[in-house]
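**Q** This structure is in structure tokens; I'll ask about it shortly.
The values are calculated or read from the model by the stated rules, or taken from the named source; none is laboratory data. Everything quoted here is computed from the prediction, not taken from an experiment. FYI the Cβ positions are ideal-geometry reconstructions off the backbone, even for glycines, and counts take in every protein chain you see. For the accessible areas, the whole protein counts, side chains as well, though only heavy atoms, and no ligand, DNA or RNA atoms are used. Shrake-Rupley method; radii C 1.70, N 1.55, O 1.52, S 1.80 Å.
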Amino acid sequence: MSSRRDFLQKISLSAMALPLLPVSDALNLEDIYDKPYDGPVLRVAIMGLGSYGTRVAEAMQSSKKAKLVGVISGTPSKVKEWQTKYNIPAKNSYNYDNFDRIKSNKDIDAVYVITPNALHHDQVIRVAKAGKHVICEKPLALNAKEGQEMVDACKQANVKLLVGYRMHFEPKTLEVIRMRNAGEFGKISFFQGLCGFRIGDPTQWRLNKELAGGGSLMDIGIYALNGSRYMVGEEPVWVTAQETKTDPQKFKEGVDETIMFQLGFPSGAVASCLSTYNMNNLDRFFLNGEKGYAEMQPSTGYGPIKGRTHKGELTQPHMTHQTVQMDEMADIILNGKKPVVPVDGEEGVRDLKVMDAIYEAVKTGNKVALK
Ligand code: NDP
């Protein structure tokens, strides 16, 4: 216990002033950060050296069980920069034409695909065929059919497929899930998820249907959707949804600006969510049960996540999401660890099925049943 206490004090200055609560046992945090680690390490190549790829690479420098060893990129200048910065050998550097050759590279275990959404499907399948494990950014694909093809390809190649759902390892989020599982909120009746930001440059790929596959729902609304599933702890059985668009120039056909969607769960719980590319300061979860509540704001940004329940402030310490995510994902891939909330390909497909239904509900105005 004292090593855990030391660890908590080390990683969060703010935690020094707060009563220390145990971080969820789910993460075994003290085991990896408080002691020297000399166990197996997942050797990772990042595909797509853009803004999020850069963030993951930086965070991974503090991971104990995952190490950045390779790159796949279409931009030679970035490859050169990363080779120097992260000590990546030329033999572990690929482009989009030749990365199938990674098959014969014994120094790379997994590829983390961090490219525009529409590219995930083909890239993940190619990586699987090259015999490497795959971590793929959200959304896993553009629709459930594509996502299922990726799951099947990885199964066939006998490699693991994980989705970059970093919130599934976030300590305050896991504490709320622990409380719900322990019955501390009583029967869950309602979840609200509000996720959005005002998007800038109209020429970016996020506003290009061909590369993004949609608009705000694919990019940021997916957090409200995924969050409603892990917060309520059930799979939705119906969906209703409405879209509003104030700027059809910027948000062209097939690129949603704002979508409101509602989900119904088998227990009778309901969720009400907002996904938008047109409002700032929108990052809020609220979970209500018969005996209590949790509210988090910010709830899915890079943190620190803040929140409280009917029992008081959530005081679990902030940790860089991607550092913990990569350590936990290494454990899942190398040791078969079971996370509290799944991050496998099937989990990605579950969200895509609901997203397909949300887009159908927007189009038809109907309540769509989910199987
Ligand atoms: P960026 O535009 O910053 O980077 C994407 C990178 O993909 C580019 O820099 C480029 O890298 C590569 N790329 C390959 N083909 C193309 C193409 N046709 N057009 C543009 N880029 C291309 O995007 P992000 O890093 O913000 O997003 C990438 C993925 O990560 C998305 O799926 C997004 O949803 C996800 N994401 C997840 C987050 C999370 O918190 N989990 C946060 C942000 C994004 P190169 O030059 O090396 O080829």
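**Q** Trypsin sites (Lys or Arg not before Pro), restricted to region 146-231: which are DSSP loop and have at most 15 other Cβ atoms within 10 Å? Numbers along the way, then the final one.
**A** Values: sites: 155, 160, 166, 172, 178, 180, 187, 198, 206, 209, 229; in loops: 160, 187, 198.
Qualifying residues, ordered by number: 187, 198.
**Q** For the chain, which DSSP H helices look membrane-span-like by this rule: Cα extent along the axis of 27 Å or more and mean Kyte-Doolittle of at least -1.0? Don't skip to the answer; put the middle values down first.
**A** Working: long enough: 345-364 (28 Å, -0.31).
Helices meeting the span and hydropathy rule in the chain are 345-364.
**Q** Looking at region 55-149, which trypsin sites (Lys or Arg not before Pro) are in a loop (DSSP not H, G, I, E or B) and have at most 10 other Cβ atoms within 10 Å?
**A** Numbers: sites: 55, 64, 65, 67, 78, 80, 85, 91, 101, 103, 106, 126, 129, 132, 145; in loops: 64, 65, 106, 132.
Passing both the DSSP loop test and the Cβ count: 106.
**Q** As an exercise, identify the chymotrypsin sites (Phe, Trp or Tyr not before Pro) in region 213-319 lying in DSSP coil whose Cβ has no more than 16 other Cβ atoms within 10 Å. Walk me through the intermediate numbers first.
**A** Numbers: sites: 223, 230, 238, 251, 261, 277, 285, 286, 293, 302; in loops: 251, 277, 302.
Filter output for region 213-319: 302.
**Q** Going through the cross-link list 187/250; 245/367; 187/337; 209/337; 80/160; 132/367, which pairs have a Cα-Cα distance over 32 Å in this structure? Numbers along the way, then the final one.
**A** Numbers: 187/250 42 Å; 245/367 21 Å; 187/337 29 Å; 209/337 37 Å; 80/160 29 Å; 132/367 40 Å.
Long pairs (Cα-Cα over 32 Å): 187/250; 209/337; 132/367.
**Q** Right, here's the next one. Once a ≥ b ≥ c are taken as the square roots of the eigenvalues of the Cα gyration tensor of region 229-312, is the result rounded (a/c under 1.5), prolate (a/b larger than b/c) or oblate (a/b not larger than b/c)?
**A** Numbers: a/c = 3.10, a/b = 1.43, b/c = 2.16.
Oblate.
**Q** Could you tell me which of rounded, prolate or oblate describes region 22-164, using a ≥ b ≥ c as the square roots of the eigenvalues of the alpha-carbon gyration tensor, with rounded for a/c under 1.5 and, failing that, prolate when a/b is larger than b/c and oblate otherwise?
**A** It comes out oblate by the Cα gyration axes.
**Q** Also, I was wondering about something else. For the chain, set up a GNM with springs between Cα atoms under 10 Å and report which of 189, 73, 51 has the largest fluctuation.
**A** It is 51.
**Q** Let me ask something else about it. If I compute solvent accessible area with a 1.4 Å probe over the protein chains, what percent of it on the chain is carbon and sulfur? Intermediate values should be presented prior to the final figure.
**A** Details: 8280 of 16130 Å².
Taking all protein chains in place, the chain shows 51 percent carbon and sulfur surface.
**Q** While we're looking at this one, here's another question. Run down the aspartates and glutamates and flag those whose C-alpha is under 15 Å from the C-alpha of residue 85, throwing out any fewer than 8 positions away in its chain.
**A** Qualifying aspartates and glutamates at Cα under 15 Å: 58.
**Q** As a test, work out the antiparallel percent of DSSP beta bridges whose residues both lie in the chain, rounded to the nearest 5. Let's see the in-between values first.
**A** Details: 34 of 60 bridges.
Counting DSSP beta bridges with both partners in the chain, the antiparallel share is about 55 percent.
**Q** Shifting gears a bit: Cut-off 10 angstrom, C-alpha nodes, Gaussian network model of the chain. Which of 287, 211, 274 fluctuates the most?
**A** Of 287, 211, 274, the Gaussian network model singles out 211 as fluctuating most.
**Q** Once each part is reduced to its C-alpha centroid, what is the distance from region 38-70 to region 181-247 in angstrom?
**A** That distance is 27 Å.
**Q** I want to check the label-to-label distance for residue 311 and residue 253. Put each point 7 Å from Cα in the C-beta direction and report it in nm to one decimal.
**A** So the label points at residue 311 and residue 253 sit 5.3 nm apart.
**Q** Give me the 1.4 Å probe accessible area per residue for region 22-164, excluding ligands and nucleic acids, in Å². Walk me through the numbers on the way to the answer.
**A** Values: 6320 Å² over 143 residues.
With all protein chains present, region 22-164 gives 44 Å² per residue.
**Q** Ok, one more. Compute the Cα gyration tensor for the chain, then decide on rounded, prolate or oblate, letting a ≥ b ≥ c be the square roots of its eigenvalues: rounded whenever a/c is under 1.5, prolate when a/b is larger than b/c in the other cases, and oblate in all that remain.
**A** Numbers: a/c = 1.67, a/b = 1.09, b/c = 1.53.
Here the chain falls in the oblate category.
**Q** If the chain between residue 291 and residue 87 were fully stretched, how many nm would it gain, using 0.36 nm times the residue separation less the Cα-Cα distance? Present the calculation step by step, with values, prior to reporting the outcome.
**A** Numbers: separation 204, 0.36 × 204 = 73.44 nm, distance 5.31 nm.
Length gained between residue 291 and residue 87: 68.1 nm.
**Q** Build a GNM of the chain with springs between Cα atoms under 10 Å: which of 310, 321, 121 gets the top mean-square fluctuation?
**A** It is 310.
**Q** Report, in debye and to the nearest 20, how large the dipole of region 238-371 comes out about its Cα centre when Lys and Arg carry +1 and Asp and Glu carry -1 on their Cβ.
**A** 340 debye
**Q** For region 22-164, give the magnitude of the charge dipole about the Cα centre (Cβ charges: +1 Lys/Arg, -1 Asp/Glu; no others), in debye to the nearest 20. Intermediate values should be presented prior to the final figure.
**A** Working: 20 positive and 16 negative charges, 89 e Å.
With Lys and Arg at +1 and Asp and Glu at -1, about 420 debye.
**Q** Can you tell which of 244, 233, 259 lies farthest toward the positive end of the dipole of the chain, using +1 and -1 charges on the Cβ of basic and acidic side chains (Lys, Arg; Asp, Glu)?
**A** Farthest towards the positive pole: 233.
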